[in-house]
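Worksheet: the structure to be examined is printed underneath.
The numbers here are math on the coordinates, done by the rules we state, and not lab data. Note that the structure is a prediction, hence the values are computed from the model and not measured. So basically every Cβ, Gly included, is an ideal-geometry build from the backbone, and we count neighbours across all protein chains shown.
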Amino acid sequence: MGILRPSNKVKEWIEGILFFFAGLIGALIIGWLIFPIALYSEHTQPIDFNHAIHLENVEGDSLSEKCLYCHEFYDDGNFAGIPRLEKCTDCHDPESPLGDSLQEKKFIEDYLAKEKEIPWYQYYKQPDCVYFPHVTHVKRARLECKVCHGNHGTSEYLPVYQQNRISGYSRNIWGKHISGYKKHTWDRMKMDDCAECHTKKGHEEYNSCFTCHK
């Protein structure tokens with residue numbers, strides 16, 4: 001009894017399937033692993049700021065209230081964002097450092113003593129075309145800071161800042177995963193995420209274009 005051999009068409013079909021999956025796997029590796037590495041540049045912050053140790057000395061009933069001591073609102077409702085050096089002098093004095101760490105010494109010598117602003121990389125800076133009123137979300141909606149910023153306020157070390165080489169914006173805005181997958185509300189800060197939150201809170205009327213793009 002002779003051995004059955006696959007026809008040429010069957011061979012071509014099998015080869016085609018193998019080439020397809022080889023190409024698919026290669027594309028996934030390049031697109032999901034290699035491309036993100038090339039897309040983002042990494043930068044270390046000027047000072048490795050310890051949020052946790054600062055919060056120990058700030059009064060407040062909640063983490064969000066403590067955050068507002070440094071990340072405050074002005075009288076007109078505008079958000080101060082990253083505190084300027086003047087705010088740091090509420091507690092820090094070049095003549096009497098509060099600690100003896102290398103980061104404290106660098107802060108005192110390179111910035112505070114010279115009255116020089118710290119050139120922080122901003123993890124959460126939105127595009128210029130986006131209007132985001134912090135006071136509305138914090139004061140009126142009473143959202144906790146961690147909804148958008150995760151455990152950033154309780155961290156002991158600052159993460160490496162990753163900047164998109166094309167857009168110039170932080171990876172914290174566009175998302176950690178190029179596939180769009182997110183596990184937490186703070187994994188991304190794109191328009192779809194804002195719209196999703198508005199919908200869950202029963203405020204779909206805030207999803208219109210000109211609410212955020214003015």
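Results, tabulated for the structure shown:
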read-out	value
Estimated dipole of the stretch 45-117 in Debye, rounded to 20 [Cβ of Lys and Arg +1, of Asp and Glu -1, Cα centre]	280 debye
Span from the the stretch 160-210 Cα centroid across to the the stretch 62-104 one, whole angstrom	27 Å
Listed candidates [x] 25, 18, 18; [y] 47, 25, 15; [z] 33, 20, 14 - label of the one calculated as semi-axes √(5λ) of the Cα gyration tensor in Å	[y]
Percentage relative contact order, the stretch 1-92, counting C-alpha pairs under 8 Å, at least six apart	10 percent
Likely footprinting exposure, VAL58, VAL10, fewest C-beta neighbours within 10 Å first	VAL10, VAL58
Label-to-label distance, nm, for residues given as ASP75 and GLU59 (7 Å Cα→Cβ offset)	2.2 nm
Lys/Arg +1, Asp/Glu -1 at C-beta; the chain dipole; positive extreme among PHE210, THR154, PHE35	PHE35
Percent RCO, i.e. relative contact order, over the stretch 102-214, from Cα pairs under 8 Å lying at least 6 residues apart	26 percent
Fewest-first sequence of GLU86, GLU117 by Cβ atoms within 10 Å of each Cβ	GLU86, GLU117
Cβ charges +1 (Lys, Arg) and -1 (Asp, Glu), total dipole of the chain, debye	1500 debye
Size of electric dipole in the stretch 107-214: Cβ of Lys, Arg +1 and of Asp, Glu -1, about Cα centre, debye, nearest 20	280 debye
Contact order relative to length of the chain, as percent, for alpha carbon pairs under 8 angstrom and 6 or more apart	25 percent
MRE, 222 nm, helices only [DSSP H, n ≥ 4, -39500 (n - 2.57), over the chain, to nearest 500]	-8500 deg cm²/dmol
Kyte-Doolittle mean at least 1.0 and Cα axial length at least 30 Å: DSSP H helices in the chain	8-29
Most mobile listed residue (ILE166, ILE178, ILE47) in the chain, GNM with C-alpha springs under 10 Å	ILE166
